[in-house]
Amino acid sequence: MRALLFLFSLLWLAPTHGTAAPNVLWFVVDDMSPHFSCYGETLIQTPAVDRLAAEGTRFTRAYVTAPVCSTCRSALITGMYQTTIGAHHHRSGRGELKIHLPEGVRPVPEYFQKAGYYTCIGSGLPDLDHRGMPFGQGKGGKKGGGQRLGKTDYNFEWDARMYDSHDWAERGEKPFFMQVQLHGGKLRADTPEANRALAARARQELGSATDPAAVKLPPYYPQDPVLLEDWAAYLDSVRLTDLHVGRVIARLEKEGLLENTLIIFMTDHGISHARGKQFLYDEGTHIPFIIRGPGIARGAVRTDLVEQIDMAALSLAAAGIPIPPTMQGRDLFSPSYQPREAAFAARDRCDETVERLRSVRTDRFLYIRNFYPGRPHLQPNAYKDGKAIVKALRALHEAGNLPSISEDLLFSPTRPAEELYEYQQDRFQVTNLAANPDYKAQLEEHRARLDRWMRETADKGPESEAMYDSDMAEYLKKPNPEVARNIALMKQWAAEGR
C-alpha cells in the first residue's frame, strides 16, 4: 500500500513537460525570520523570494524544531527530531566523545546519492561564496576534499563522500540534489562599525540602505540607537540574501533547469537576538517556508502547522525515493497527508551555556517548559554576550534605563516553570497565561501533550557530564576567560540545583 502511495505521489509531482526525475534544490539561510515582503514586511522589498511565493506555495506557520544552527541542521538533514537522534546540544560531539546516528537513520543526501542523484552543497553560484562575495575574500566551506562545500554543521559523525561536489555543474546527465547555503542574518555583524560596512554594501549593490530611524522593534526591545542600527543591518542582510536567491533562480532559468527543479526556501531559525535565536518564542522558531516546482500549486498559501524536518520527507517523495519508516518528517504533498495537530521544538545546551527548554504549539496556543526556572533568561554566553546589541541591553539594565517589559522578559533573575501564550493574538508572546485560572484546561492539555511527545519520540534529555566536559575541553583549547568563567558558573548552578 505504501509503495502505491509513493508511486501516486511521484506521478502527481512529475513535471508536465517530460518524465525526467526532478532536481531538488534547498535554500537554507542562517539566522533569519520571515521578514520578507511576501510575509508582510513593509520596510524592505524582497522580489526574488516573493517570486518563489507567487509561483509556488507559501507556508505561514512553519517552525524549526531547534532554534540554533547545528541542532536544526542535524534535524533537517535526517528528517528526525534532534532530541530523538541525540544531536540536540549545540556544537556537541566535537570533543573526544562522538555522536553517531541511531541504526536506520541516515542523512538525506545518502538516499539521493543511492538513487542516482548528483549531490552538492554550496552557494549555487560558481563565482560567489555563501556571503555573495567572490571566493577568496574570507572563509569558505572546506570540509570534504578541500572543495568549496557549503555549511553542514551536523552534530553527528558523517561521511563527507555523501556530497559529490559544491555545485551541480559537473553532474553530467544525472539529476541533482543541491543545498544552497547562505550566510543570511550572519551578514550583519557584532559591532556597529561592521554593520555600517554592511549598509555601505547594500547601497553599492542595491542602491540604498535601510534607515534605522524607520525601524520599529518588538515591544520588549528598547528603541535604542545600537539596536535600531543593528535591526536595519539585519533587514539589509535580508535584501542581500534575496539578491543572491534571485541570481540562483536566474542561473536555473538560463540553464533550462528551473521548471524541472523543486525549490524549497527556508531558514535554519529566526533572527539572532535576545529573545530570538536559541529561544522557543516565534522570534526564534518561526521561519519562512516556500516551495516551488513541478506539481506545486502556484500562488497558494497554506496555514497548517509544519516543521522544518518535513522538507526531508517531501523532497525524497518528489524524487520518487521511498521515505524511510523511521523518518519523523512528513510529505506535505502526499495524497494521504494529515496535517499536524501540533508542532514541537527544543533548545538545549548552546556552546558553554547549559539549558533545557521544550515547547508544543497547537492552533491557538504555545506552551513552553523551562527545566531550569532558577536561572535567568539571558544566561551568560560568550557568543551572545559579545554582540553589541546584548552589551547595549545589559548596560541599559545596569543603569536602570530599560522599560518594565524589557526588565520582566529579558532580565528577571528567574523564570516561570511554564509559559502559555495565545500566540496568534499575542504576536510577540508577552502575556504568559500559565498562572491564569481561566486557562487551566489549556495548560493541562498542552502539558500532557508535551509529555507524550517527549516519551513517544524518546527525547534524550539532559546532556551527560562526560559529554559536556569533552566538548568544553575543545572550547578551552582556544583560551577564552569568559568561556572558562561561564563553564565554572554552569557547574556551580548545577551543584546548587538551579
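Bear in mind that the values in this text are calculations on the coordinates, not laboratory data. Since the structure is predicted, the reported quantities are computational estimates derived from the model, not experimental observations. Ideal geometry is used to build each Cβ from the backbone, glycine not excepted, and the neighbour counts take in all protein chains shown.
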query = Using the 10 angstrom Cβ neighbour count as an exposure proxy, how do 217, 76 rank, fewest first?
reply = 217, 76
note = The summed charge of the residue 422 Cβ neighbourhood (under 15 Å; Lys/Arg +1, Asp/Glu -1) stands at -2
For the chain, share of DSSP beta bridges that run antiparallel, in % to the nearest 5 = 55
ask   = How far is helix 388-398 tilted off the main Cα axis of the chain, in degrees rounded to 10, range 0 to 90?
value = 20
task = Once you have a ≥ b ≥ c as the square roots of the Cα gyration tensor eigenvalues for the stretch 328-374, tell me rounded if a/c is under 1.5, and otherwise prolate or oblate according to whether a/b is larger than b/c.
result = oblate
note = Checking the stretch 178-226 for trypsin sites (Lys or Arg not before Pro) in a loop per DSSP with at most 16 other beta-carbon atoms within 10 Å yields 216
ask   = Let a ≥ b ≥ c be the square roots of the eigenvalues of the Cα gyration tensor of the stretch 364-482; is it rounded (a/c under 1.5), or, if not, prolate (a/b larger than b/c) or oblate?
value = oblate
query = When only DSSP loop residues count, what GluC sites (Glu not before Pro) in the stretch 151-230 have their Cβ near at most 14 other Cβ atoms within 10 Å?
reply = 157, 173
key: Sequence of 390, 68, 301, 306 once ranked by neighbouring C-beta atoms within 10 Å, starting from the fewest   = 301, 390, 306, 68
ask   = Which percent of Cα pairs goes in each bin when the distances of the chain are cut into 20 angstrom slices starting at zero?
value = 23, 59, 18, 0
task = May I ask for the angle, rounded to the nearest 10°, between helix 2-13 and the longest principal axis of the chain, with both axes built from Cα atoms and the value confined to 0 to 90°?
result = 80
remark   = With a 24 Å threshold on alpha-carbon distance, the violating pairs from 98/477; 277/440; 114/254; 151/391 are 277/440; 114/254; 151/391
note = Asserting the computed 222 nm helical MRE of the chain (DSSP H runs at least 4 long, -39500 (n - 2.57) per run, divided by residue count, to nearest 500) equals -10000 deg cm²/dmol
query = Rounded, prolate or oblate: which fits the stretch 366-413 when a ≥ b ≥ c are the square roots of the eigenvalues of the alpha-carbon gyration tensor, with rounded for a/c under 1.5 and prolate only if a/b beats b/c?
reply = oblate
Relative exposure of 269, 130, 100, judged by other C-beta atoms within 10 Å (fewest first) = 100, 130, 269
